[in-house]
Structures are given as C-alpha cells and as structure tokens.
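Structure first, then comments.
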Amino acid sequence: MDNQDYRELVKQVAYEQAKLSTSAFFFDGQDRLRIRSFGSVTSCVLAVEGRFLGADGRLQGFARVHTPTTDRTLATTSEDFGEGFLLNVQVRATTSAPRVGQVFVILDVVRGLGATIQPIASLWSGYVTDTTPLGWPGVLPARSVDGPGVLRLIAGTDPAAGVEIIETVPTNARWRVLGVRFALTTDATVANREVSLTLDDGATAFNRIASRVTQAASLTIIYSASLQAALEAVAQDTERLIRLPPVLMSGGFRFRTQTTAIVAGDNYTAPQYLVEEWIED
Amino acid sequence: MKVQCVACLGIYDTGAADGIGYYHVCPLLSDAEVGRALGLADNSALWTKAQRDQVDAAPRVRAGARDENIDPAKADAAAATGARKAAVFDPTSLQKSPGAGARPV
C-alpha cells in the first residue's frame, strides 16, 4: 500500500467513525447550521468556528462571522456546508467584550429556505463572551434566564419639574432591580409629600412601596430603594429608605414614583439604578 | 448623546454609561400636571374631595408621549423583509411610539 492509498483509507475510516460518533451531526446537503442571537452590546461581532468532515472525506475548518443586534432583537444567519458531518462548532466574540447576560446565541440545524424553514435539531444555546468559546458538543445548552445576569448601573431620565420618575424594562430584557437612588427637591408650597415607588407591568400596578416618612416644603431629600433596606419609622437626616420587593420584571414592566401632594415646582433628579439583566425573548 | 423629550421635557442620554442603548419612556401625568390642566390650585392639599376625585378620574396618558422601546412586531417585520440589513436602515423606525420626538440639548 503506498502513501496515497493509505491516506484514502484513513479518510474512509474517519468518515465511517464520524457516522458512529455522538459528536458528529450528519448534514445531507439540504441542512444548514442556523445561528440566532439576541444582543444588547454595541460593536459586537461573533466568530462561529468549527470542523466539518465533507463527503469527500476531507476535514475542513471553518470560521464564519455573525453580527448580533444591539437592541436585544433577533439576528439570524445560516451556513451551508454541503454534505458531510459537523464535528464541532464554537462561538466567541471577536470584537467588544460582552458579558454573560448580554449576547445570547442559539445554534440549530434547519432545512428549507425563507418562510418554509424547518428546524430539525437544536445543538446549543448560551451566552457568548470574548474569553471563553462555548459551543457544541460538550457544553450543555442553557436558557437565556439561567444563572446570574449582568450587573448594570443605569442613569435614567431626569424629569421636568412637577413630573414623576418612570423607567421601563427594555423589550426582550429581564431585570431584577437591586437598587434605585434619586433626590426630590420640594418647592415652597406648604404640603407634606410622600414618595412611593410603584411597580407595574406597563398597565397594572402590582406593588406600591411608600417611603413612610413625609417630606415637607423647601427640602432636598435623597431616596434609596434596595432589597435590603430597613423599614424606617423616622426620617434619617436627608436620606430616606424604601424596601424593594425581590421581583423579576420583564420587558415593558416599569418602576415609577408616585408622590402624594406633588406640586408643579417639585423636582426629581434622574434616578440612578442598579439592575441584574438577562436577555428574555 | 443627551437629548430632551419634547412631550415630557425629560432629559436623558441615548446610551447608558456601559454603551448599551437607553430607551426613554414618558411618565404618566402627575397629580400636579393633571391639577394644573383642570385649573385647580397648585397645592393639592387645598383640593376638595370632588376635585380630588376629578383628578383621580382624569386620563394620565401624556399628549405626544414617547416610548423608545422596540416594538417586537416592527422588529420582526424589518427582519422578515430584510429592511434591517439596508445600509440606510433607521433603528428609530422600530420604536413603539416616537411621540412628539426628542431634540439634542
């Protein structure tokens, strides 16, 4: 047997082994690898890399590019490899540095085109980062709301005088609000304001938590809402505490102030708030 | 970029400090704004019960209210038609409601 024959034999054996392997997925020529992603970070590009054993017995490496959206909506690409075996595929961020909770990827195998695409096998799903390539096989698929999310400190809208604070969970995001901090400066109108935080689903309130201590005229008071805040009975200098409920909020849910006896000259600052965030489609 | 909402006059950055997009939503009308629109005294402590009831019953949706959050139906349609991949695609076209708009400050 010469070298050429030996190489052919090795290829044939490899191809046969791939057919029997649990880490080889057969593509019949109509099947394609579909990459779907939901991203929230800017300038993120993903590399989809792996190995494919073609019908000719040649083992080929591949590297494809996929660009997620930045607004948590769906981005889809699909890759055609022809006939053969997909041996492995991994995904990593090549630009930007997304953290767990920011770019969620789903890899599956589909057949057909356009509106007639038929998913036929789910390979892997999970969050992608720039430091740890993950993929199939060997890594368990995860749901986008599994595990801890990414921590984000956000500056909200600074409302005009006489207007309440409102902040909304973005579309396709899930938040756990961990803390909110804002100040209210009351004008000279003599009345006792009481600040509450209301949580709703975009329409119907399901929680309203009052600060329990009123604020008189011509004062600036800072309000801090957190999961661990003590229920205070008396004013603490210029700080007030509000205890947040440990609830998860989906896209469209809101938290907002509701102020008893608010007048046109009362002025809130922009809220600063800390959230744990996931992608949620 | 810092902008001001034309409807509620709130001021905000279009991107959060971590570079992720911020989606402004106009607040509901406050008691103070409703009272003013109804011609009541600024100080709500001076309102009669009838006036209080009038405020409570008033609609709270602000004229020209803006909701910059992505409308999933618009996003799906843009993806299906390929509009999203166009070189001149305007992402603000996916907003739930541009309302009265926003201007740079």
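Where a number appears in this text, it was derived from the coordinates with a stated rule and is not lab data. Predicted model, so just to flag it, every value in this text is computed and none were measured. Because the Cβ atoms are built from the backbone with ideal geometry, glycine has one as well, and the counts that use them run over all protein chains shown.
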For chain A, place one equal point scatterer on every Cα, skip the solvent, and apply the Debye formula. What is log10 of I(q)/I(0) at q = 0.09 Å⁻¹?
-0.58
Column: log10 I(q)/I(0), Debye, Cα scatterers of the range A:1-82, q = 0.10, 0.18, 0.26 Å⁻¹
-0.37, -0.83, -1.22
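Regarding the range A:185-281, what is the average projected area of its C-alpha convex hull, in nm²?
Details: hull surface 27.5 nm².
Averaging across all directions leaves 6.9 nm² for the Cα convex hull.
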Quick one: net charge around A:Q215, please, counting Lys, Arg +1 and Asp, Glu -1 for every other residue with C-beta under 10 Å from its C-beta.
0
Can you tell me how the range B:56-105 classifies by the Cα gyration tensor, rounded, prolate or oblate, using a/c under 1.5 as the rounded cut?
oblate
Which value in deg cm²/dmol, rounded to the nearest 500, describes the helix-derived mean residue ellipticity at 222 nm for the protein assembly as shown, given -39,500 (n - 2.57) per DSSP H run of n ≥ 4 and division by the residue count?
-3500 deg cm²/dmol
Checking a compactness column here: for chain B, what do you get for Rg(Cα) / (2.2 N^0.38 Å), N being the number of residues?
1.42
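Kindly count the pairs of lysines across the protein assembly as shown whose alpha carbons are less than 24 Å apart, treating pairs on different chains or eight or more residues apart as eligible. Before the final figure, lay out each step's value.
Values: A:K11/A:K19; B:K2/B:K96; B:K74/B:K85; B:K74/B:K96; B:K85/B:K96.
Pairs that pass both the separation and distance tests number 5.
Per the Kirkwood formula on distinct C-alpha pairs, the Rh of the range A:67-205 is how many angstrom? Each step should come with its number before you reach the end.
Working: mean 1/r = 0.0517 Å⁻¹.
19.3 Å is the Kirkwood radius here.
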Bin width 5 Å, alpha-carbon pairs only: give the P(r) of the range A:116-165 as whole percents, running from 0 to the bin holding the largest distance.
4, 13, 14, 16, 11, 9, 9, 7, 7, 6, 3, 1
Could you point to the residue in A:N88, A:S211, A:G251 farthest towards the positive end of the protein assembly as shown's charge dipole, with +1 and -1 charges on the Cβ of Lys/Arg and Asp/Glu respectively?
A:S211
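Classify the range A:52-120 as rounded, prolate or oblate, taking a ≥ b ≥ c as the square roots of the eigenvalues of its Cα gyration tensor: rounded when a/c is under 1.5, otherwise prolate if a/b is larger than b/c and oblate if not.
Oblate is the answer for the range A:52-120, as a/c is 1.5 or above yet b/c matches or exceeds a/b.
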